[in-house]
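Scroll down for the structure; my scribbles are underneath it.
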Amino acid sequence: MSAIKDMSLKYNLHSWSAQAKINPMVVTKAEGIYFWDEDGKQYKDMSSQLVNLNLGFGNKAVIEAIKDQADKMAFMGPGYAIEIRSQAAKMLVELSGLEGSKIFFTNAGAEANENALKLAKAYTGRWKVFSMYRSYHGSSAGAGSLTGEPRRFSSEPGMPGFIKFDGPYAYRAPKACKFENEAAVTEYYLGLLETQLIGEGPDSIAAIFLETIVGSNGVLIPPAGYMEGVRALCDKFGIMMVCDEVMAGFYRTGTAFAFHNYDIKPDLVSFAKGSTCGYVPLGGVIVSEKIANYFDNHKMFCGLTYSAHPMGCAATVATINEYKRLDVPGNVKVVGKVLGEILEDIAKKHVCVGQVRYIGLFSVIELVKNQATREPIVAYNNDSEGLMGKIGGMLKTEGFSTYTHENMIIVAPPLVITEKELRDAMKVMDKVLDSVDNMVK
């Protein structure tokens, strides 16, 4: 065992892990879409680390912006107006297209959702909040209560008022559902939601939280008309629509924010990850004009020591400029089309693949034991034999680094990946899935 790994295991607690069962890789170098271990082996980062490293490793412009801001003013409390803070907020508002909105900065995505919660409750004076099953909004107390998958269980029993609903997932809809078309899927799930809203008492519901595109729980893409339908329900009942764009924002789906794929304007938008590509921590909430105006004469009870940290703001400004300079949306459009074609070929070829879903450079491969019955390759929240970990390990052995969740393999490379790099990487996926086919036959 190397000295670095030994020290890490001795002094660090590693996320989401039984500490005695982990064997962390020692990474010594990273550049572009690649990183290298201490033995010099190269890995393709096909999940953008935690789907945040949109510009890849080593972007010089972002690094220099952080250095320059550190020299100029490494820190200033959030109560002061400084140039980089104002510039970052202005650029984010303009990128969102939500005219008249303002930014409340946080340090990460979970904090963004925590503060979106507080803002929605304060504005409406209501206390209940809806969020989807199979969603992830963070692991802190409020964000963990919003989360609709097993990572919330350690936060329970949580605060009262958090209600879960079934979002659209036609592939795993009840067997009695026989959808003729996409419109039928939308009608079914909007009907479920409205019935539940009425059952909970709309006058008590402050907000509906949605990952605009569900991320780690399966890259679940809303059917046509669904997001517009949720917007209409929110308008009907005076409920705030909150789009969690922590993972899907900043061109991951091809548009600046994922909600731009739909004809909606959310009341609140949480963001993080791609705002700085992980180079330094920064997140926030885009607060619509009507909510921002409310706090002109009502005290806003949100505050963080490191809110709008100068170096985070500098990284955000540089990152947004790099998205434009590198024509990231153009690259996502071209290479994302190639990714979709590769995934469709993989779905046709491999018996272990139940479904592939993709938008931009955001995709998932859902693994099954049986394509006809759609039985997942591991039971929900019960991978007792660690099979998905083994599959992820097989990929990593071949130099393909990503993560798995439930019966899903995430494929979400840096947005600067080239077509050649993508094709080379997906050959590894194809090879490993041959082995998974043999497991399920």
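Neighbour counts of other C-beta atoms within 10 Å: give me Leu55, Leu146 arranged from fewest to most.
Values: Leu55 27, Leu146 31.
The order, fewest Cβ neighbours first, is Leu55, Leu146.
Work out the length of the dipole vector of the chain about its Cα centre, built from +1 on the beta-carbon of each Lys and Arg and -1 on the beta-carbon of each Asp and Glu, and round it to the nearest 20 debye.
Working: 46 positive and 49 negative charges, 81 e Å.
Once rounded to the nearest 20, the dipole reads 380 debye.
So what's the convex hull volume per residue for the Cα atoms of the stretch 60-325, in Å³?
Details: hull volume 34.3 nm³, N = 266.
Enclosed volume per residue, from the Cα hull, is 129 Å³.
Around Lys348, under 12 Å between beta carbons, what's the net of Lys plus Arg minus Asp minus Glu among the other residues?
On the way: positive: Lys349; negative: Glu341, Glu344, Asp345, Asp430.
After counting each charged neighbour, the total is -3.
What does the net charge come to around Asn331 if you take all other residues with beta carbon closer than 15 Å to its beta carbon, with K and R at +1 and D and E at -1?
+3
Over 28 Å between Cα atoms: which of Lys273/Lys333; Lys324/Lys349; Lys67/Lys273; Lys349/Lys390; Lys21/Lys420 fall into that group? All intermediate terms of the calculation are to be shown ahead of the outcome.
Details: Lys273/Lys333 20 Å; Lys324/Lys349 37 Å; Lys67/Lys273 20 Å; Lys349/Lys390 21 Å; Lys21/Lys420 36 Å.
Check vs 28 Å cut-off fails for Lys324/Lys349; Lys21/Lys420.
Quick one: of the DSSP bridges fully inside the stretch 60-325, what percent are antiparallel, nearest 5?
Working: 10 of 26 bridges.
If I count the DSSP bridges inside the stretch 60-325, around 40 percent turn out antiparallel.
List every residue whose amide H lies under 5 Å from the amide H of Val26, counting only residues 5 or more places away in sequence or on a different chain, with H placed 1.01 Å from N in the peptide plane.
Glu38
What does the charge count around Ser204 come to, taking other residues whose C-beta lies under 14 Å from its C-beta (Lys +1, Arg +1, Asp -1, Glu -1)? Could the numbers behind the result be given before it?
On the way: positive: Lys121, Arg126, Lys128; negative: Glu200, Asp203.
So the surrounding residues net to +1.
Taken together, the values in this text are just the output of simple stated rules run on the coordinates, not laboratory data. Predicted model only: the values in this text are computed from it and were never measured. So basically every Cβ, Gly included, is an ideal-geometry build from the backbone, and we count neighbours across all protein chains shown.
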